[in-house]
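Data first, discussion second: the structure below is written as structure tokens.
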Amino acid sequence: MELMDVIKARRSVRKYQDKPVEREKINACLEAARLAPSACNSQPWHYIVIDDPKVKEAFCKEAFSGVYAMTKFAEKAPVLIAAVSDKGSFTSRLGNFFRRTEFYLVDQGISGEHLVLRAQDLGLGTCWIGWLNSDKAEKFFHLPKGKKIEHLIALGYPAEEPAPRPRETLEHIVSYNEYK
């Protein structure tokens, strides 16, 4: 599939077939994520693949509890991928401080987008989930201090194709040589 076709076809999928995702496809998505660029080549990410149904069920009870229950749909995805942050190298953290930008989060976004685009290319659906109980999710995996689950990516074969969402026109979001 051509890159623009993949980009145009990618949607947030919230309904999945009850069909396991092959490890080869999961690894292909993770390989795409691994190749993403990052500030100072810090590669500030670690991915935890949750594809064992019993582990996923126990994890979802923690991650989607209380006010986070609105993202419970993700427990139906055959695979959840937890993106664990690492604040990056000293140089990139210094850049964070002076620019007041958390570059490790930008880097994770780039890596995650590589993952979801590769998934789309392989016929898989994804949904990026930021609404989760990170504290409970981190305790579930006994993450060391300083590590945080920033988001999850639900992954599986779509049960249906979501309708496209409206997008702004280029004229609305772009200006050249000045801000309009």
Self-check item: Residues of type aspartates and glutamates that K56 reaches as a straight line, Cα spacing below 15 Å, ignoring anything fewer than 8 places off in the same chain
Solution: D18, E75, E138
Practice problem: Could you sort 162-171, 149-158 so that the peptide with the highest average Cβ count within 10 Å comes first and the rest follow in order? | Solution: 149-158, 162-171
Exercise. Rank these for me by crowding, I173, I129, going from fewest to most other beta carbons within 10 Å.
Key: I173, I129
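Based on Cβ point charges of +1 for Lys and Arg and -1 for Asp and Glu, what charge dipole magnitude is obtained for the chain about its Cα centre, in debye rounded to the nearest 20? The partial results should precede the final answer.
Numbers: 27 positive and 24 negative charges, 106 e Å.
Here the chain has a charge dipole of around 520 debye.
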Quiz prompt | Pairwise FRET efficiency - K145 versus H46, Cβ, R0 = 22 Å, nearest 0.05 | solution = 0.90
Quiz item: Using only helices, what value at 222 nm comes out for the chain when you add -39,500 (n - 2.57) per DSSP H run of length 4 or more and divide by the total residues, to the nearest 500 deg cm²/dmol?
Solution: -11500 deg cm²/dmol
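Run the numbers for A69 and A159: contour at 0.36 nm per residue of separation, minus the present Cα-Cα distance, in nm.
Working: separation 90, 0.36 × 90 = 32.40 nm, distance 2.11 nm.
The span from A69 to A159 would gain 30.3 nm if fully extended.
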Quiz prompt | Under 5 Å, built H, 5+ apart or other chain: amide partners of V79 | solution = L155
Practice problem: Can you give me the span-like helices of the chain, meaning DSSP H runs with 24 Å or more of Cα extent along the axis and Kyte-Doolittle mean at or above 0.0? | Solution: 103-121
Quiz item: In whole percent, what relative contact order does region 3-161 give with Cα contacts below 8 Å and a gap of six or more residues?
Solution: 38 percent
Quiz item: Using 1/(1 + (r/R0)^6) with R0 = 25 angstrom and r between the beta carbons of R34 and W131, what's the FRET efficiency to the nearest 0.05?
Solution: 0.45
Quiz item: Under 18 Å from the 7 Å Cα→Cβ point of K54, by amide nitrogen: which residues of region 121-149?
Solution: 140-141
Quiz item: Short version: ³J(HN,Hα) in whole Hz for each residue of region 74-79, in order, from phi by Karplus 6.51 cos²θ - 1.76 cosθ + 1.60 (θ = phi - 60°), x for Gly and Pro, what are they?
Solution: 5, 5, 7, 5, x, 9
Quiz item: Given H placed on each backbone N at 1.01 Å, which residues far from Q17 in sequence or on other chains put an amide H within less than 5 Å of it?
Solution: Y157, A159
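For the pairs K72/K136; K76/K145; K19/K148; K54/K136; K15/K72, flag any whose C-alpha to C-alpha distance is greater than 19 Å.
Numbers: K72/K136 15 Å; K76/K145 30 Å; K19/K148 29 Å; K54/K136 17 Å; K15/K72 11 Å.
Violating the 19 Å Cα-Cα cut-off are K76/K145; K19/K148.
Laboratory data are not the source of any read-out in this text; all were calculated from the coordinates shown. Quantities reported herein were computed from a predicted structural model and do not represent experimental measurements. Counting neighbours? That spans all protein chains shown, and the Cβs are built from the backbone with ideal geometry, glycine included.
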